[in-house]
Every structure is written in structure tokens, then in C-alpha cells.
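Novice: Sharing a structure, written as C-alpha cells. Questions coming.
The values are calculated or read from the model by the stated rules, or taken from the named source; none is laboratory data. Because the structure is predicted, anything quoted here is derived from the model rather than measured. For neighbour counting, all protein chains shown are included, and Cβ atoms are generated from backbone atoms with ideal geometry for every residue, glycine included.
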């Protein structure tokens with residue numbers, strides 16, 4: 001990826017129009033820089049519990065279109081739990097409950113009548129470990145369009161998705177081979193291609209590079225920058241350098257002792273701002289300790 | 001407070017050693033007893049196989065396989081029983097496989113965690129303990145009389161299907177559970193509905209295990225005698241049993257063996273019976289091999 | 001609080017979309033997936049078949065049995081000492097005790113064979129056998145469980161009985177006898193007891209064994225005094241389940257134990273078990289609605305109750321040993 005393009009992507013809108021003047025008082029500085037129509041997710045006071053114990057508590061933040069938002073923090077701070085709220089993957093855990101509101105383009109994601117299947121069709125996800133289906137590369141890509149009843153030109157979708165995932169050149173002659181014959185990094189990019197094939201609005205990535213070697217990781221990071229032009233990306237990572245390299249905004253989570261007696265911990269959002277600010281001039285000492293390596 | 005410890009003498013030490021030697025002997029004796037107990041059951045199995053082969057091997061020939069039952073031991077054959085058993089196998093599989101797989105998918109993928117689901121699960125493990133002859137009584141009362149199927153092949157197959165259903169469900173659930181959760185998440189995250197994920201991803205991956213389980217269950221079903229005897233399998237039938245004539249009366253191999261062995265004449269009781277058993281065991285052996293092949297052939301790695 | 005089960009969302013109308021929505025129209029409401037609803041219903045039905053089966057068994061047995069008890073009092077059924085079911089209400093005697101006696105006698109013999117063999121195999125496989133020996137022995141033992149019972153019946157009648165008669169004399173041992181059927185039945189349930197007990201033994205935490213060795217225990221002492229007691233409830237469950245199988249087993253007794261209902265404790269006597277009676281009476285084409293036909297279901301109901309009780313008992317023990325670890 002050339003640096004000119006990278007610069008272009010990094011440019012931010014100059015005009016500041018508050019999304020919601022009512023919320024101005026307690027919102028972070030970061031959101032003033034965005035137009036209301038660029039607001040993709042508006043998270044208000046979200047608490048996720050497994051059973052009675054909260055995994056994360058009272059999180060509020062905003063995610064904007066065509067940005068890469070990184071969620072960082074020590075392990076156990078609930079960032080994976082949190083990202084799974086955006087496409088309602090937490091529904092699959094019977095004991096999990098979500099309180100608060102998450103709106104997606106103004107619509108409450110957890111309102112009655114909202115179908116999680118429709119949500120996931122628009123909000124794709126890439127998981128920590130590559131999880132291709134035990135089928136051919138081609139079938140992996142076409143699964144999404146097929147189940148969503150999209151009438152598409154199969155060859156075109158396969159090529160386009162693989163190209164966008166920067167995998168086309170490597171697998172163009174192996175489209176009918178098992179996805180399991182690919183390397184780990186290729187498998188992960190296949191999973192990204194698979195997510196792209198249904199042309200989502202948002203792509204969630206839950207530590208997409210944690211199971212990969214440095215070279216594959218670099219590829220995925222480059223890829224994210226390219227994808228940003230078309231998609232809004234939210235990424236969970238415990239690799240701070242990665243967050244600093246790829247993201248526009250960063251949310252720092254930490255764990256807090258919930259109950260002294262049982263030492264039960266829950267996650268909490270400490271600070272959310274432009275990535276540059278988080279890493280160079282954080283307002284909270286805990287953030288500073290973490291990004292400078294004094295903690296966790 | 002001072003305690004006086006008697007000084008250990010050379011004699012004491014040697015006594016300890018002596019005890020150790022005796023203990024070692026005891027240890028070895030115990031291990032030998034355990035091994036013998038294990039071997040007994042296996043030896044009996046070997047004895048049984050040898051006994052049956054010796055009794056029946058010379059009696060097996062083409063005529064025995066292709067003739068219908070006869071009044072004389074020399075001319076009797078198992079054609080009706082063999083075709084009946086094969087037809088039962090086909091019909092039982094046609095009923096039990098889809099229902100068992102459906103139940104397994106429901107219980108693993110869709111069942112809400114409530115009392116009814118728990119009741120179903122407890123019920124399935126209880127059914128496995130119901131004697132097979134009781135299934136026969138169910139078959140008589142429901143299939144033969146209430147549904148008016150008569151003492152037909154279909155009534156027999158339905159009875160056997162109910163009998164092996166719990167086994168198929170349990171095997172099906174196990175093979176579904178072996179499919180990694182990541183596959184499920186991957187499908188759902190692409191906007192597939194739970195059913196689409198089950199049908200297109202989980203089912204194909206779980207199928208080899210389900211097939212293996214079903215074949216093994218079927219091999220149990222066709223060895224069963226009591227339920228189809230109660231439902232009304234006949235011994236002597238001068239016709240083939242074909243699966244598509246499912247409303248006809250039927251014979252089955254185990255029922256014929258039971259009839260042979262119940263007769264006083266040695267020609268039936270020993271020769272014909274053991275020959276029939278050899279054929280039955282051969283069928284079972286083929287099925288078990290098929291199950292192993294199914295498992296190895298289609299097994300996927302994740 | 002916004003958590004809701006996944007299934008409730010399907011097919012609901014869209015919530016009104018806000019006016020500030022971006023360019024693309026957005027509806028997160030579910031597609032109507034009527035086909036999937038039907039499929040889900042079918043899947044539920046498949047799972048419910050097992051419930052229907054149980055309900056069917058209970059209904060069938062108890063409806064016909066209750067017809068039987070209209071003619072024969074329950075008191076008589078359980079106290080009369082003779083079972084002569086083919087004579088109708090007048091000449092017949094319907095005391096189930098001889099059949100129960102036959103069943104229990106054969107079962108007792110079977111357990112005397114199966115418990116030591118099964119338990120011995122289990123301890124050997126779990127505590128002594130080298131992994132390689134275990135890999136071979138276990139499947140071979142399980143092969144035994146796959147032998148059709150009609151084959152075992154043949155073996156009992158044509159092999160075990162002659163052996164017993166040769167040992168104890170032809171005047172003592174009748175051609176059809178409880179001992180021969182019981183011994184072979186015992187062999188049949190060895191795999192059941194062995195494999196379930198072995199599961200229980202293997203589930204005993206390694207730490208328990210190590211601490212016992214640390215106190216100077218020998219292998220035998222550890223196996224007998226530490227591991228076996230720790231796995232006891234699982235072993236008891238295995239034995240009870242094995243007993244249930246013995247009580248319900250039909251073909252071995254129908255072939256080798258005879259068809260003479262009799263109150264006896266002599267293992268070399270001809271007897272009749274409950275299951276053998278069912279097969280005999282059904283085979284005799286007892287007319288539907290006749291007292292004989294109904295008596296089959298009365299005996300079947302009793303058999304079902306006995307095996308059901310044993311199952312429930314076994315499950316209670318299984319649960320106990322699961323709770324410990």
C-alpha cells in the first residue's frame with residue numbers, strides 16, 4: 001500500500017457538527033469531528049452480563065463510517081464480548097444479556113422485531129482463529145451470497161471478493177481446493193473475503209491476526225487499510241502497535257474489581273479518542289500506563 | 001516427653017524384607033486373577049465362534065442360501081429369512097435415519113433449554129433400557145392392530161426403527177458436537193439462519209459420524225429376534241421378501257434360526273441353526289466393516 | 001433490558017426507521033422464513049417421537065393389562081403360585097410368581113458370572129493393562145455385546161447345556177435349565193458392566209492414586225482400597241444396568257431355559273421367565289382380546305416396571321458419581 005493513499009485515508013473531516021447536542025456534555029471530544037450521517041453505531045450505556053456477573057459495564061461510544069476503530073485493553077477486559085454485541089453474536093450464548101442501547105444507523109439493534117440474521121448480513125465478522133468451512137475456497141466465498149438469497153454472478157463474486165481480500169493472486173488456481181489446504185494467513189484472508197462477499201456495511205474483526213505470523217499479520221493490516229475505503233471496521237486487538245498502526249480511533253478498556261470479596265472483575269471503557277491522542281497524549285493515567293507498557 | 005524407641009535389630013529388617021517378598025507375590029497373583037477374568041469373557045467369545053463354525057460350516061452351500069424352508073433338514077434353506085432381514089434393514093434405515101438425524105439436530109441446535117427438552121433427553125436414555133421384547137408388544141398393539149398394518153414387513157421395520165432410534169439420536173448428537181463451534185459462528189456471522197448453518201455446514205460435517213452410528217444401530221436391529229417375533233415374523237414363507245412389498249407377511253433370519261434351534265432333530269437344531277447363524281454373523285460383519293469404512297472414508301479434519 | 005431469544009425475532013414487522021437514516025434503506029426485520037418454521041416443526045416432531053414411544057409403551061401395556069385385571073385380581077396375580085395361562089378364566093391360573101421366580105433365578109446366575117468377570121476386566125483395563133493391550137482388549141470385549149442373542153441362545157443350548165450335563169450328570173441337569181441360560185447371559189452382560197465400570201474407574205482423579213502411592217500403597221491396594229471405592233457409585237450403576245439387561249433378555253432364556261413356569265431355586269430345573277412367556281404366548285397366536293393375549297401385556301407391564309425402576313436407580317448412582325468429580 002502506497003503512502004499517498006494511506007495519507008488520503010487518514011484525512012479527517014474538518015467540520016464539526018455535534019451529533020446530538022443533548023449528549024454533548026458527557027461525550028468524548030472525538031465525536032465532535034463527525035457528521036451525524038457518518039455515525040454508524042451509537043452505543044449508550046451498554047452492560048453485558050453472563051448470568052448475573054457483568055462482563056463489561058456501562059460502555060458508551062460512537063463508531064463512524066469508513067473509520068477503523070480499535071478496541072484495546074488487557075485480556076479479560078471484555079473487548080471481545082463487546083464487539084460481539086454489534087452483530088448480536090452474544091445471542092448465541094444463552095446466559096448472556098445485553099442492557100443499554102446500541103443503535104445502528106439510528107435503529108435500535110436490540111429492538112423487538114430486529115432479526116439477528118439480518119443484522120449479521122450487514123455486519124460481517126472475522127474471528128480470532130481462521131474458521132473456513134471444510135469446503136473448497138470457492139464454496140466458502142459463495143456460502144454467504146447463497147444463504148442470503150443474493151442473485152450474483154458466482155465467478156465474479158469469487159474473484160472480486162478474493163481480490164479485495166488480496167488473496168486472488170495466491171489462490172486463483174486453487175479455487176476448488178479445500179480451504180484447509182491454505183496457510184493460516186491465507187485462511188484468515190479467505191475468511192475476510194468470505195465476509196466481503198455479502199457486501200456488508202461493517203466488518204468486525206476479533207483479534208484477526210493473533211493466530212498468525214508477523215508477515216501474515218502485516219498483510220492483514222495492509223488489507224484493513226484498503227478495506228476502509230468501502231467498509232467501516234471495528235477491530236479488537238491486544239497488540240498495541242497494531243492498533244496504533246491501523247486505527248483511526250482507539251477505545252481503551254480495562255478490568256475493574258467488581259466485588260472485593262470474590263475478586264470478580266468486569267470490563268470498563270476508560271478512554272475513547274483518536275488513536276494519535278490515545279497513544280501520544282492520553283487523558284487518563286491508566287491509559288498512559290497501558291500504552292507505555294507500565295501495565296498489563 | 002521422651003519416648004523410648006526400641007532399637008531396630010538385624011532380625012527386624014530381614015522380617016520386613018520377607019514381608020515385602022510375600023507382598024510382591026500377592027501383587028502378582030492379583031494381577032493374574034484380573035487378567036484371567038478379562039480373558040474368560042474373550043475366550044468364551046472365541047469358543048462360541050469356533051463352536052458355531054465347526055457346527056455350521058459344512059452345512060452352508062448355495063442351496064441353503066437359495067432355498068425356502070423345508071420340512072426336511074437336508075433340504076431346508078434360509079432364502080425367505082435372508083431376503084426378509086435385508087428388506088427389514090432397508091425399511092428400518094429409511095425410517096430411523098431421517099427421524100434420528102432430525103431429532104439429533106433439533107436437540108443439539110434448536111432445542112430451548114427448558115423442562116420439555118430435559119424430559120426428552122431423560123426419556124431417550126430411559127428408552128435405551130427398555131427390553132426389546134417390550135418394543136415388540138408396542139409394535140403388536142400399535143402397528144399391527146391400531147394402525148392395522150397386520151403382521152407385515154412394515155410393522156416389523158417400524159418396530160425395529162423405534163428400537164434403534166435412541167442409539168441413532170445419541171450417535172447423531174455426538175457427531176454434531178464434534179463439529180467445531182467456530183464453523184457455526186462463521187456461518188451465522190455471514191447472515192445465515194440457524195437452519196442454513198445446520199443444513200449446509202454442520203450436517204455435512206457430522207454426516208460420517210451419523211452414518212457410522214446408524215449402520216451400527218442397524219446391525220443391532222437385524223440381530224434382534226424378540227421384537228419381530230412378537231410382531232409376528234413367520235418362520236416359513238415360500239416367497240422372497242422385497243422391501244416394496246411391505247404389507248406382506250415376512251420372515252427374518254434370526255426368527256428362522258430360533259425356529260431351527262427349537263426343533264428336536266439335530267439336522268435343524270445344530271446344522272441348519274449354526275449355518276444360519278454363520279450367515280447372520282457374516283451380514284453383521286459386513287455391516288460393521290461398512291461402518292468403519294464410512295468413518296474413515298468421509299472423516300474430515302478441522 | 002434487551003436480551004431476547006433468537007427465535008422470537010423471525011418474521012416480525014420492522015420497527016419504524018428513523019428519519020436520519022443514511023442513503024441506503026435499512027430494514028433489520030426478519031425475512032418471513034415460513035419454510036424454516038415448517039422445518040423446525042418437523043425437527044421437533046422427530047425429537048418428540050421418542051416421547052411418543054414412551055407414552056405408547058406405557059399406554060399399550062397398561063391399557064391391555066387393565067383389561068386383564070378386570071378378570072383376574074391383582075391380588076391373585078401376585079400371590080397365586082401357579083401360572084397356567086391357556087385355560088381361560090375358569091381353568092387357568094394366573095399367578096405371576098413362577099415367571100418372576102424364573103426371571104430372578106436366571107438373573108441371579110447371570111450376575112454371579114457377570115459381576116466378577118465384568119469388574120475384574122474393568123479393573124484390569126483401567127489400572128493394569130498397558131495402553132496397547134487395552135486398545136486391543138476393549139473392542140474385542142465389546143464385540144461380545146454385538147453378538148445377537150439368538151446366537152447366544154444357540155450356544156447355551158447346544159454347548160453350555162451339554163457341558164453342564166457332562167459335569168453334573170444328565171439326571172441332575174435337565175435339557176432346558178436355568179443355569180445354562182444364566183451363565184451365557186452373564187457372559188453377554190460382561191461388556192455392559194466392564195465398560196461402564198471402567199469409565200467410572202478411569203474417571204477417578206489421578207491425584208487420588210498418586211497420593212495413595214505416596215503413602216506406600218501397592219498397586220493392588222490402591223486399586224482395591226482407593227480407586228474402586230471412589231468409583232463405587234459408577235460401578236453400582238453398571239451392575240444395576242447389567243441386571244436390567246438380564247431381566248429383559250429374551251432369546252437366551254426362550255431357547256435354553258425352557259417353557260415350564262415353576263417356583264424353584266434349583267438352577268438345573270427347567271423354568272420359564274417373563275420374557276420367554278411373552279414370546280411363547282405371542283407365538284401361540286393368542287387371539288386378540290382373549291385372556292391369554294391380555295396376560296401377555298400384564299406380564300409385559302410388570303417387566304417394564306422392573307426394568308424402568310432399575311434404570312432410574314442406576315441413573316441416580318451415575319449422577320452421584322458425576323457429582324463427586
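Novice: Look at the stretch A:44-97 and say how many of its residues are in a helix (DSSP H, G or I) and under 20 Å from residue A:249 (Cα atoms).
Specialist: 5
Novice: Name the one entry in A:247, A:266, A:216 that is under 22 Å from residue A:72 (Cβ atoms), surrounded by fewer than 24 Cβ atoms within 10 Å (Cβ to Cβ) and in contact with a helix residue (DSSP H, G or I) (Cβ under 7 Å, 6 or more places away or on another chain). I'd like the intermediate steps shown before the answer.
Specialist: Working: A:247 fails: surrounded by fewer than 24 Cβ atoms within 10 Å (Cβ to Cβ); A:266 fails: in contact with a helix residue (DSSP H, G or I) (Cβ under 7 Å, 6 or more places away or on another chain).
A:216 is the lone residue from the list that is under 22 Å from residue A:72 (Cβ atoms), surrounded by fewer than 24 Cβ atoms within 10 Å (Cβ to Cβ) and in contact with a helix residue (DSSP H, G or I) (Cβ under 7 Å, 6 or more places away or on another chain).
For (1) within 30 Å of residue C:70 (Cβ to Cβ); (2) in a loop (DSSP other than H, G, I, E, B); (3) within 10 Å of chain B (Cβ to nearest Cβ); (4) in contact (Cβ under 8 Å) with a residue 40 or more places away in the chain, each residue gets a yes or a no:
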site: C:99; (1), (2), (3), (4): yes, no, no, yes
site: C:105; (1), (2), (3), (4): no, no, no, yes
site: C:108; (1), (2), (3), (4): no, no, no, yes
site: C:116; (1), (2), (3), (4): no, no, yes, no
site: C:119; (1), (2), (3), (4): no, no, yes, yes
site: C:123; (1), (2), (3), (4): no, no, yes, yes
site: C:140; (1), (2), (3), (4): no, no, yes, no
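Novice: Filter the helices (runs of 4 or more DSSP H) completely within the stretch B:173-236 down to those with at least 3 residues that are crowded, with 22+ Cβ neighbours inside 10 Å and assigned by TED's automatic domain parsing to the domain that holds residue B:135.
Specialist: Counting at least 3 such residues, we get B:181-189, B:203-223, B:226-231.
Novice: Just one of B:130, B:134 is more than 22 Å from residue B:175 (Cα to Cα), within 9 Å of another protein chain (Cβ to nearest Cβ), in a loop (DSSP other than H, G, I, E, B) and without any contact (Cβ under 8 Å) to a residue 12 or more places away in the chain; which is it?
Specialist: Unique residue meeting the criteria: B:130.
Novice: Would you check if residue B:261 is closer than 19 Å to residue C:251 by Cα and without any contact (Cβ under 8 Å) to a residue 24 or more places away in the chain? Can you show your working first?
Specialist: Details: closer than 19 Å to residue C:251 by Cα: yes; without any contact (Cβ under 8 Å) to a residue 24 or more places away in the chain: yes.
Spelling it out, residue B:261 is indeed closer than 19 Å to residue C:251 by Cα and without any contact (Cβ under 8 Å) to a residue 24 or more places away in the chain.
Novice: Out of the residues in the stretch C:49-74 meeting the condition of being without any contact (Cβ under 8 Å) to a residue 12 or more places away in the chain and facing another protein chain (nearest Cβ under 7 Å), tell me which one is farthest from residue A:121 (Cα to Cα).
Specialist: Per the criteria, the residue is C:56.
Novice: Just name the residue that is farthest from residue A:59 (Cα to Cα) out of those in the stretch A:110-130 that are in contact with a helix residue (DSSP H, G or I) (Cβ under 7 Å, 6 or more places away or on another chain) and buried (at least 23 other Cβ atoms within 10 Å of the Cβ).
Specialist: Within the stretch A:110-130, the subset in contact with a helix residue (DSSP H, G or I) (Cβ under 7 Å, 6 or more places away or on another chain) is A:113-116, A:120, A:124-127, A:129-130.
The next check asks that each one be buried (at least 23 other Cβ atoms within 10 Å of the Cβ); those that pass are A:114-116, A:120, A:124-126, A:130.
Working: A:114: 22, A:115: 23, A:116: 21, A:120: 21, A:124: 22, A:125: 21, A:126: 22, A:130: 28 Å.
Per the criteria, the residue is A:130.
Novice: Scan (1) surrounded by 20 or more Cβ atoms within 10 Å (Cβ to Cβ); (2) farther than 24 Å from residue B:271 by Cβ; (3) more than 17 Å from the chain's Cα centre (by Cα); (4) more than 10 Å from chain B (Cβ to nearest Cβ) for the single condition residue C:185 breaks and write down its number.
Specialist: (3) is the only condition that residue C:185 fails.
Okay, residues lined up against (1) surrounded by 17 or more Cβ atoms within 10 Å (Cβ to Cβ); (2) under 20 Å from residue B:224 (Cα atoms); (3) in contact with a helix residue (DSSP H, G or I) (Cβ under 6 Å, 6 or more places away or on another chain); (4) in the same structural domain as residue B:178 (by TED's automatic domain parsing):
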{"site": "B:99", "(1), (2), (3), (4)": "yes, no, yes, yes"}
{"site": "B:105", "(1), (2), (3), (4)": "yes, no, yes, yes"}
{"site": "B:108", "(1), (2), (3), (4)": "yes, no, yes, yes"}
{"site": "B:113", "(1), (2), (3), (4)": "no, no, no, yes"}
{"site": "B:118", "(1), (2), (3), (4)": "no, no, no, yes"}
{"site": "B:138", "(1), (2), (3), (4)": "yes, yes, yes, yes"}
{"site": "B:145", "(1), (2), (3), (4)": "no, no, no, yes"}
{"site": "B:148", "(1), (2), (3), (4)": "no, no, no, yes"}
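Novice: Name the single residue, out of those in the stretch C:27-46 being modelled with pLDDT under 90 and part of a helix (DSSP H, G or I), that is farthest from the other protein chains (Cβ to nearest Cβ).
Specialist: Looking at the filtered set, the residue picked out is C:34.
Novice: Still on this structure: Going by the structure shown, is residue C:104 surrounded by 15 or more Cβ atoms within 10 Å (Cβ to Cβ), modelled with pLDDT of 95 or more and touching a strand residue (DSSP E or B) at 6+ places or on another chain (Cβ under 8 Å)?
Specialist: Judged against the criteria, residue C:104 is not a match.
Novice: Here's another thing I want to ask about it. Every residue in the stretch A:105-132 that is within 14 Å of chain B (Cβ to nearest Cβ) and not in a loop (DSSP other than H, G, I, E, B), please.
Specialist: A:114, A:116, A:117, A:118, A:119, A:120, A:121, A:122, A:123, A:124, A:125, A:126
Novice: Could you go through the stretch B:280-299 and let me know if any residue there is over 21 Å from the mean Cα position of the chain (by Cα) and either part of a loop (DSSP other than H, G, I, E, B) or buried (at least 19 other Cβ atoms within 10 Å of the Cβ) (or both).
Specialist: Yes.
Novice: I want to confirm something. Restricting to the stretch C:197-223 and keeping residues that are within 14 Å of chain B (Cβ to nearest Cβ) and without any contact (Cβ under 8 Å) to a residue 60 or more places away in the chain, which single residue is surrounded by the most Cβ atoms within 10 Å (Cβ to Cβ)?
Specialist: Once the filter is applied, the top-ranked residue is C:220.
Novice: Given (1) within 19 Å of residue B:255 (Cβ to Cβ); (2) free of Cβ contacts under 8 Å to residues at least 24 places away in the same chain; (3) crowded, with 17+ Cβ neighbours inside 10 Å, where does residue B:71 come up short, assuming only one miss?
Specialist: Failing condition for residue B:71: (3).
Novice: Sticking with this one: Looking only at the stretch C:35-47, which residues are under 15 Å from residue B:95 (Cα atoms) and either in contact with a strand residue (DSSP E or B) (Cβ under 6 Å, 6 or more places away or on another chain) or buried (at least 17 other Cβ atoms within 10 Å of the Cβ) (or both)?
Specialist: Residues satisfying the conditions are C:43, C:46, C:47.
Novice: Ok, one more. Consider residue A:222 carefully, then state whether it is within 26 Å of residue A:65 (Cα to Cα), touching a residue at least 60 places away in the same chain (Cβ under 8 Å) and surrounded by fewer than 17 Cβ atoms within 10 Å (Cβ to Cβ).
Specialist: Yes, satisfied.
Novice: Let me spell it out: the conditions are (1) modelled with pLDDT of 90 or more; (2) within 9 Å of chain B (Cβ to nearest Cβ), and residue C:315 meets all of them except one. Which number is the exception?
Specialist: For residue C:315, the failing item is (1).
Novice: It is to be established whether one or more residues within the stretch C:247-260 are at pLDDT 90 or above, surrounded by fewer than 23 Cβ atoms within 10 Å (Cβ to Cβ), at the interface with chain B (Cβ under 10 Å from one of its Cβ atoms) and closer than 28 Å to residue B:128 by Cβ.
Specialist: Yes, the stretch C:247-260 has at least one match.
Novice: Tell me, which residue of the stretch A:134-145 that is crowded, with 24+ Cβ neighbours inside 10 Å and within 18 Å of residue B:199 (Cα to Cα) is nearest to the other protein chains (Cβ to nearest Cβ)?
Specialist: Looking at residues that are crowded, with 24+ Cβ neighbours inside 10 Å and within 18 Å of residue B:199 (Cα to Cα), I get A:144.
Novice: Mind listing whichever residues of the stretch C:269-288 are more than 13 Å from residue C:259 (Cα to Cα) and either modelled with pLDDT of 90 or more or more than 10 Å from chain B (Cβ to nearest Cβ) (or both)?
Specialist: C:286, C:287
Novice: If you don't mind, there's one more thing I want to ask. Go through the stretch B:163-185 and count every residue that is facing chain A (nearest Cβ under 7 Å), free of Cβ contacts under 8 Å to residues at least 24 places away in the same chain and touching a helix residue (DSSP H, G or I) at 6+ places or on another chain (Cβ under 7 Å). Explain how you work it out, then say what you get.
Specialist: Looking only at the stretch B:163-185, we keep the residues that are facing chain A (nearest Cβ under 7 Å), and these are B:182-183, B:185.
Retained after the next criterion (residues that are free of Cβ contacts under 8 Å to residues at least 24 places away in the same chain): B:182, B:185.
Those still in the list that are touching a helix residue (DSSP H, G or I) at 6+ places or on another chain (Cβ under 7 Å) too: B:185.
Adding up the residues that qualify gives 1.
Matching residues to (1) part of a helix (DSSP H, G or I); (2) closer than 28 Å to residue C:188 by Cβ:
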site	(1), (2)
B:34	yes, yes
B:49	yes, yes
B:53	yes, yes
B:57	yes, yes
B:71	no, no
B:96	yes, yes
B:99	yes, no
